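Peer 1: Have a look at this one before I ask anything.
Coordinate-derived values only; no laboratory data. This one's a predicted model, so the numbers in the text were calculated from it and none came from an experiment. Here the Cβ positions follow ideal geometry from the backbone for every residue, glycine too, while neighbour counts run over all protein chains shown.
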Amino acid sequence: MTNPLPNLEAYWMPFTGNRYFKKNPKMFKQASGMFYTSYDDKKILDGVSGLWCCNAGHCHPKIVEAVQNQATTLDYATAFQIGHPTVFEMADKLVNMAPDGMNRVFFTNSGSEAVDTALKIALAYHRVNGEGHRTRLIGREKGYHGVGFGGISVGGMSPNRKMFGAMLPGVDHLKHTHNLEENAYTKGQPQWGGHLADELEDILMLHDPSTVAAVIMEPIAGSAGVLIPPVGYLNRIREICDKHGILMILDEVITGFGRTGHSFGAEAFNVSPDLMTIAKGMTSGMVPMGGVLVKEEIYQTFMQGPEDGIEFYHGYTYSGHPLAAAAGLATLKVYEEEGLFDNAKTLAPVLEEELQTIKGSPYVIDIRNYGMLGAIELQPIDGKPTARAMNVFRECFAKGVLVRTTGDTIALCPPLIANEDQVRTVVRTVKESLDLID
């Protein structure tokens, strides 16, 4: 039965048109598996894993049970000078699924905190290593690295940056790889564009490579609209970083934990980063948690001075929180026991096939996909950027499917527990909605 809505006024909602929402609220009250239940008792098929995060679906019984048990056993323990067993168990399982050589993990509470932490580790590493002059950071246009000052500084999405002043000094950006003339309607990785990585050499020559600490980028730029890296692009970035002694950070907040059909995007694209930021799927969205996976060499560089001395002055009150660690450990076990990464590989061709049926639909100018990620880019309405995609979002919701908008792109990333019919339903609903909008 539908209950009266609460007072909506006090809550300032993030990344939301608050005035419109409070006149036209969309509310969830329950979730299970592939579905939300709306406040008016409608079932909504989740086509975006909550917000790129609920990879094991909603309220998975094993994850719920783990969190409940933890909540009745140990609610909180400081991570400063004290530990608790669950977080060590989770760390061990996590590094065992990480790319070779990434044997350490530093826990945070979100992807934004993971990015700021990775940037700090990179800067501190060079200082400890006797190269404190390496202070510059290189990001990429259209990159999204959360909303901390570090993340928006290296990020390249202008709406997230324009209100906040100068941000961090000493940051530069590579050009993005998005090119509709060359790559529109590519299935999987584009063949054109690997050469764009060479611009990194030009940026390094401008600033002097010896002043650069790290380059950070997403394997697939998610929030910019699921931009797939061209063949060879990430590998060339790795080569250039190695040549000049620069750390490579991959932001795997979206691409981690099966989204590409592999544990991480680094494996999918055969590239070996020095640091990886993770969040979202590491707890399947059950409890907020993030982290930074770190190569052994970097960790060991910090392990000097008095044995009882603090090696890295950084951390959070809730780093490795017991409930988050319990959710994370249970989530990693679910991925393994239920073969969800393999299911993603099986479903990826289904998503690709269904997406291609949208080609030729009204306003569609590109379709992109990789693994269990898909995007439909739309021609913007003149003078009303983002409005067309938002219209599709509202039509899909009315039809019982949740999708994601980013700019004038519809992004899709169904939970890894999906079946073939559910994947097809998500895409077909987008197609039907496109026929109903202006």
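Peer 1: Would you mind calculating the gained length between N179 and M27 on full extension (0.36 nm times residue separation, minus the Cα-Cα distance), in nm to one decimal?
Peer 2: Residue separation times 0.36 nm, minus the Cα-Cα distance, leaves 51.0 nm.
Peer 1: Turning to a different aspect of this structure: Under the Karplus relation 6.51 cos²θ - 1.76 cosθ + 1.60, θ = phi - 60°, what is the ordered set of whole-Hz ³J(HN,Hα) values for region 216-231, x standing for Gly and Pro?
Peer 2: So the J values, rounded to whole Hz, are 10, 7, 7, x, 10, 6, x, 5, 7, x, 6, 9, 7, x, x, 4.
Peer 1: Sticking with this structure for a sec: Using helices alone, what [θ] at 222 nm do you get for the chain, with -39,500 (n - 2.57) per DSSP H run of 4 or more residues, divided over all residues and rounded to the nearest 500?
Peer 2: -10500 deg cm²/dmol
Peer 1: Can you tell me the order of 134-141, 20-27 when each peptide is scored by its average per-residue count of other Cβ atoms within 10 angstrom, highest first?
Peer 2: 134-141, 20-27
Peer 1: Using 0.36 nm times the number of residues separating E420 and Q379, minus their current alpha carbon distance, what extension gain do you get?
Peer 2: Result: 11.9 nm gained on full extension.
Peer 1: Here is a further query. Just the C-alpha atoms of region 115-208: what Rg/Rh do they give, with Rh taken as the Kirkwood radius?
Peer 2: My calculation of the ratio gives 1.03.
Peer 1: I've got another one for you. Exposure proxy check: W12, W192 ranked by fewest other beta carbons within 10 Å?
Peer 2: Ascending Cβ contact count within 10 Å gives the list W12, W192.
Peer 1: Over the chain, calculate the relative contact order: mean separation of alpha carbon pairs under 8 Å at least 6 apart, over the residue count, as a percent.
Peer 2: Answer for the chain is 22 percent.
Peer 1: Non-local amide H neighbours of D366 (under 5 Å, H modeled in plane, Pro and chain starts lacking H): which ones?
Peer 2: Residues meeting the criterion, in which the H sits 1.01 Å from N, are E377.
Peer 1: Take every DSSP beta bridge whose two residues both sit in region 137-263, then give the antiparallel share in percent to the nearest 5.
Peer 2: Taking every DSSP beta bridge with both residues in region 137-263, the antiparallel ones total about 10 percent.
Peer 1: Identify the residues of region 241-277 with backbone N under 12 Å of a label point that sits 7 angstrom from the Cα of R127 along the Cα-to-Cβ direction, or state none.
Peer 2: Zone members listed by number: none at all.
Peer 1: Here's a follow-up. Compute the distance in nm between two label points, each set 7 Å from the Cα along the Cα-to-Cβ direction, one at L8 and one at E201.
Peer 2: 5.5 nm
Peer 1: Hey, another quick one. Please report D198, D46 as a ranked list, fewest other C-beta atoms within 10 angstrom at the top and most at the bottom.
Peer 2: Starting with the residue having the fewest Cβ neighbours, the order is D198, D46.
Peer 1: Before anything else, pin down the relative contact order of region 297-388: Cα pairs under 8 Å, at least 6 apart, normalised by residue count, whole percent.
Peer 2: Computed over region 297-388, the figure is 15 percent.
Peer 1: Something else about it: Of the DSSP beta bridges with both residues in the chain, give the percent that are antiparallel, rounding to the nearest 5.
Peer 2: 65 percent
Peer 1: What net charge do the residues around S263 carry, taking every other residue with its C-beta under 13 Å from that of S263, with Lys and Arg at +1 and Asp and Glu at -1?
Peer 2: Charge balance near S263 sits at -2.
Peer 1: Could I ask something else about it? Search the structure for amide H atoms under 5 Å from the amide H of V48, placed 1.01 Å from N in the peptide plane, and list their residues when 5 or more places away or on another chain.
Peer 2: Close amide H contacts, sequence-distant or interchain: C413.
Peer 1: Calculate the FRET efficiency for E296 and T73 from the Cβ-Cβ distance with a Förster distance of 25 Å, rounded to the nearest 0.05.
Peer 2: Efficiency, from the Cβ-Cβ distance: 0.20.
Peer 1: If Lys and Arg each add +1 and Asp and Glu each add -1, what is the summed charge of the other residues whose beta carbon sits under 12 Å from the beta carbon of M13?
Peer 2: With Lys, Arg at +1 and Asp, Glu at -1, the neighbours total +2.
Peer 1: Among 351-364, 178-191, how do they line up by average Cβ neighbours within 10 Å per residue, starting with the highest?
Peer 2: Per-residue mean Cβ counts within 10 Å order the peptides as 351-364, 178-191.
Peer 1: Can you run the Rg to Rh ratio on the chain? Use alpha carbon positions and the Kirkwood inverse-distance Rh.
Peer 2: A ratio of 0.96.
Peer 1: Could I ask something else about it? Sort out for me the Cα centre separation of region 292-315 from region 117-133, rounded to whole Å.
Peer 2: So the separation of the two Cα centres works out to 11 Å.
Peer 1: Quick one: which residues, 5 or more positions from M286 or on another chain, have an amide H under 5 Å from its amide H? H modelled 1.01 Å from N in the peptide plane, none for Pro or chain starts.
Peer 2: none
Peer 1: In sequence order, what are the phi-derived ³J(HN,Hα) couplings for region 119-132 according to the Karplus relation 6.51 cos²θ - 1.76 cosθ + 1.60 with θ = phi - 60°, rounded to whole Hz, with x for glycine and proline?
Peer 2: Couplings: 5, 5, 4, 4, 5, 5, 4, 5, 5, 5, 7, x, 10, x Hz.
Peer 1: Short version: ³J(HN,Hα) in whole Hz for each residue of region 141-157, in order, from phi by Karplus 6.51 cos²θ - 1.76 cosθ + 1.60 (θ = phi - 60°), x for Gly and Pro, what are they?
Peer 2: Along region 141-157, the couplings run 4, 6, x, 10, 10, x, 10, x, 5, x, x, 6, 5, 7, x, x, 10 Hz.
Peer 1: Got the relative contact order for region 77-162 handy, in percent, Cα pairs under 8 Å and 6 or more residues apart?
Peer 2: It comes to 19 percent, rounded to a whole number.
Peer 1: Further question on the same structure: Listing C59, C54, C241 from the residue with the fewest other Cβ atoms within 10 Å to the one with the most, what is the order?
Peer 2: Lowest count first: C59, C241, C54.
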